[in-house]
Amino acid sequence: MSLSIKTEMPGLKTPVCLILDDSSPGEKNYLEFVEEFSKLVSETKIKGKFTLMPYPSPVALDEALAGKQLPVLQKTVSLIRENIAPYFDISPEILTHNQIVDLKTGLYHYPCISEEEWSQTQNKEALTAYIAYGLNILKNVGLEANGVTSPSHFGSEVEDSYARAVLEAEKKINNISLTWYFLHVDKDSPVINPKVSYLNKTKKEAVVSIISGYGDYIKDEEEEEFAKYTDQYISEDGEKGRLATLYQCGSCLVFHHHWWRMIREEKLEFKILYEVTRRLRNVYGDKIRWMKVSEISRYFATQNSFEVNIRENGETQSLEFKSPFICPEFTISLTAEENNKNISITKDGELLNELNKGETLKKDSWFLKNKRIYLCFDLSYENTIRVQRKK
């Protein structure tokens, strides 16, 4: 019995993730947006990433809330914390998405320069301090950000330094050593999966670049039917649209929207999102899985860093896994020489559940199909999977 290993999508399901950008409680109609978005999340159970700007005004968010004179702001942050954060990673973008902040004074820097422009000439140390400042503000209001969003092309010309700065800032503020950043959009490539920008297996550290495959529908002044806009993402039959193309090519389905577009034009983009969600559910059913950015990042960081040593002893093959990261529902497939059903599989001595035809793959289970074993388990730093042919 000879086995070769291939990593699969988690639970053999395609990850789906919505990235929500530019969100700032200092903007007009923002509370209305948060209430609408909370409703969307509650009804659809979608997941992803949600920006919360640390500087919604010339005053930092934590200082503004400490004043206890802004009931609308307090209600807004409370709604995000209670209704959105359980499903969406909350991230800074980076402090203002506009003018840089003087970290010594906590005030806008003069002369005026944008965060995007400023970032392109900074080293890792300067970027780390700036990012950490934003992470700390969100932490002070009860929202731990495990990654960051780039305002426009922030850090694109110094991306290596930027990626390392995100890691150092997360380690300093949140004690996190596996983190992510959102910077890139690719609306053309057939497969858009996260990329590991930095990895140190010994230190158990990684930074993942999350990439959006599509976002913000293209408006046609002559088009009035919102369902047609939904076709840009996925058609009713699932045959066309950017998300359909990504799915057909075996890609993650990561796409983005900007909050300010969702509240305008009679909330057309909310209608589109509801319809996109419905079509994804109707077309793909349980073949997809909504995931947070952090969950997808952890999965792909683990995919790119785990090691396995295969030992053979008669009819038993032992797969000794080592990973710098813990990863829930890690999924692999093993190619067997024959479609032998007389197989037992254990993880660290515990017998795993063999599924019947049609059952959904889940943690600590496996099935055999077309001379291939599909196996799902929670990967720890070290695990041993044993595949044994019964006599």
Unmet criterion (only one of (1) of a type outside the set (S, T, N, Q); (2) buried (at least 23 other Cβ atoms within 10 Å of the Cβ); (3) under 18 Å from the mean Cα position of the chain (by Cα)) for TYR55: (3)
Selection from the range 330-358 of residues that are out of contact with any strand residue (DSSP E or B) (no Cβ under 7 Å at 6 or more places or on another chain) and on the phi < 0 side of the Ramachandran plot: GLU337, GLU338, GLU350, ASN356, LYS357
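Considering only residues that are under 17 Å from LYS6 (Cα atoms), in a strand (DSSP E or B) and more than 25 Å from the chain's Cα centre (by Cα), which ones fall in the range 366-391?
Those that are under 17 Å from LYS6 (Cα atoms), in a strand (DSSP E or B) and more than 25 Å from the chain's Cα centre (by Cα): TRP366, PHE367, LEU368, LYS369, ARG372, ILE373, ASN383, THR384, ILE385, ARG386, VAL387.
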Determine if the range 37-46 includes at least one residue that is assigned by TED's automatic domain parsing to the domain that holds TYR133, surrounded by 20 or more Cβ atoms within 10 Å (Cβ to Cβ) and touching an Asp or Glu at 6+ places or on another chain (Cβ under 8 Å). no
Based on this model, can you work out whether THR360 counts as part of a loop (DSSP other than H, G, I, E, B) and surrounded by fewer than 18 Cβ atoms within 10 Å (Cβ to Cβ)? yes
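Somewhere in the range 163-177, is a residue over 23 Å from LEU52 (Cβ atoms) and surrounded by fewer than 24 Cβ atoms within 10 Å (Cβ to Cβ)?
So far as the range 163-177 goes, yes, one or more of its residues are over 23 Å from LEU52 (Cβ atoms) and surrounded by fewer than 24 Cβ atoms within 10 Å (Cβ to Cβ).
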Top-ranked residue in the range 160-217 [being more than 19 Å from the chain's Cα centre (by Cα) and β-branched (Val, Ile, Thr); ranked as farthest from MET9 (Cα to Cα)]: ILE173
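Take the residues of the range 97-124 that are part of a loop (DSSP other than H, G, I, E, B) and aliphatic (A, V, I, L, M): which is surrounded by the fewest Cβ atoms within 10 Å (Cβ to Cβ)?
ILE113
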Please note which strands (runs of 3 or more DSSP E) are completely contained in the range 1-58 and include at least 3 residues that are without any contact (Cβ under 8 Å) to a residue 24 or more places away in the chain. none
Any chance you could count how many residues in the range 75-96 are surrounded by fewer than 16 Cβ atoms within 10 Å (Cβ to Cβ) and either more than 27 Å from the chain's Cα centre (by Cα) or hydroxyl-bearing (Ser, Thr, Tyr) (or both)? 1
Exclusive hit being of a type in the set (Gly, Ala, Ser), in contact (Cβ under 8 Å) with a residue 40 or more places away in the chain and assigned to a strand (DSSP E or B), set SER333, SER305: SER333
For the range 320-351, name all the residues that are among the hydrophobic types (A, V, I, L, M, F, W, C), modelled with pLDDT of 90 or more and over 29 Å from the mean Cα position of the chain (by Cα). ILE345, LEU351
Which residues, taken from the range 273-302, are β-branched (Val, Ile, Thr) and in contact (Cβ under 8 Å) with a residue 60 or more places away in the chain? THR277, ILE288, VAL293, ILE296, THR302
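So that you can scan it fast, the table gives a plain yes or no per residue for (1) modelled with pLDDT under 95; (2) of a type outside the set (Phe, Trp, Tyr):
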| position | (1), (2) |
| --- | --- |
| GLU32 | yes, yes |
| THR44 | no, yes |
| PHE50 | no, no |
| ASP89 | no, yes |
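So which of LEU127, LEU167, LEU138, LEU199 is assigned to a strand (DSSP E or B) and in contact (Cβ under 8 Å) with a residue 12 or more places away in the chain?
That would be LEU199, the only listed residue that is assigned to a strand (DSSP E or B) and in contact (Cβ under 8 Å) with a residue 12 or more places away in the chain.
From the list ARG278, ARG298, which residue is over 30 Å from ILE373 (Cα atoms), in a helix (DSSP H, G or I) and not aliphatic (A, V, I, L, M)?
Result of the check over ARG278, ARG298: ARG278.
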Identify all residues within the range 281-295 that are in a helix (DSSP H, G or I) and basic (Lys, Arg); write none if there are none. ARG281, LYS287
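The values are calculated or read from the model by the stated rules, or taken from the named source; none is laboratory data. Because the structure is a prediction, the values reported are computed rather than measured. When we count neighbours, we look across all protein chains shown, and the Cβ atoms used for this are built from the backbone with ideal geometry, even at glycine.
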